[in-house]
Amino acid sequence: MGEIVSFGDSKDSLRKRIILLRECMPVNERERASYFIFDNFFKLPEYQTSEIIFAFAGFESEVSTLNSIFRMINEGKRVALPKVIDDKNMEFYEVRKISDIKKGTMGIPEPTGDYPPMDSRPDIFLLPGVAFDKRFNRLGYGRGYYDRYLTSKGYERFVWKIAIAFSCQIVEKVPHDDRDIPVDMVITEHGILR
């Protein structure tokens, strides 16, 4: 799976350290790792039998997702991406073509919302994050959008919650509390933690 980074840090301190590690990866290395992450993802039986996938558009030093999102669509999957509604809420909208995505809140690529919000339960929920551990705890960006959304929709159960991350984002222990929803598996360029 790659090396496990160990920091005895608070959430904010760990967040800063891992984002810096990720940003220090050369762009071509991030692109190569992103390819292998999705190569692992596409081999999953959970992916092969899925129909609806909630994903995200990778931003800045995150795993690059857009090419893989359009592969999913070309393979007949229905794919939805998040759009920030206000400072506490987001909604997922289906995307069908490249023009369905534009820069939104904080410059993050979002769906245009040309289609209604997706009201069907996804088979797979791909989650971004800053750090993950082997107990499937997830450290996000600190705003709580994903945890609130999963809880409000009841998706914390009965939906595959899959994190995609670079191996440098796997740490020994992620600080967490009762509001933080763990993932079911983490996929890196080196393999699958499940």
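Within 10 Å of each residue's Cβ, count the other Cβ atoms and sort D177, D100 from fewest upward. Don't skip to the answer; put the middle values down first.
Values: D177 6, D100 18.
Ascending Cβ contact count within 10 Å gives the list D177, D100.
Quick one: order M118, M25 by neighbouring beta-carbon count within 10 Å, fewest to most. If you can, show how the numbers build up before the last one.
Working: M118 19, M25 15.
The fewest-first ordering by Cβ neighbours comes to M25, M118.
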Item to complete: Just flag the GluC sites (Glu not before Pro) in the stretch 45-96 sitting in loop per DSSP whose Cβ has no more than 13 other Cβ atoms within 10 Å.
Response: E51, E60, E75
Item to complete: Note down the Stokes-Einstein diffusion coefficient of the stretch 91-194 in µm²/s, whole number, using a Kirkwood radius over alpha carbon pairs, 37 °C, and 0.692 mPa s.
Response: 221 µm²/s
Worksheet item: Using the count of nearby Cβ atoms within 10 Å as a rough guide to exposure, how do S167, S13 rank from fewest to most?
Response: S13, S167
Response to the item:
Each label sits 7 Å from Cα toward the beta-carbon; between R32 and N67 the label points are separated, in nm, by 1.3 nm
Discussion item. Rg/Rh for the stretch 8-120 to two decimals, with Rh computed the Kirkwood way over all alpha-carbon pairs.
Written reply: 0.99
Worksheet, complete the sentence: So for the stretch 96-153, using the alpha carbon gyration tensor with a ≥ b ≥ c as root eigenvalues (a/c under 1.5 gives rounded; past that, a/b versus b/c decides prolate or oblate), I'd call it prolate
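Among DSSP beta bridges whose residues both lie in the chain, state the antiparallel percentage, nearest 5.
Numbers: 15 of 29 bridges.
Close to 50 percent.
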Response to the item:
With the 8 Å Cα cutoff and a minimum separation of six or more residues, the chain has a relative contact order in percent of 29 percent
Worksheet entry | Expected 222 nm ellipticity per residue - DSSP helices of 4 or more, -39500 (n - 2.57), all of the chain, to 500 | -8000 deg cm²/dmol
Discussion item. Once you place label points 7 Å from the Cα toward the Cβ at E23 and R121, how far apart are they in nm?
Written reply: 4.0 nm
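Every number in this text was worked out from the coordinates using simple rules, so none of it is lab data. All of these numbers come straight from a predicted model, not from anything done at the bench. Here the Cβ is made from the backbone with ideal geometry for all residues, glycine too, and neighbour counts use every protein chain on show.
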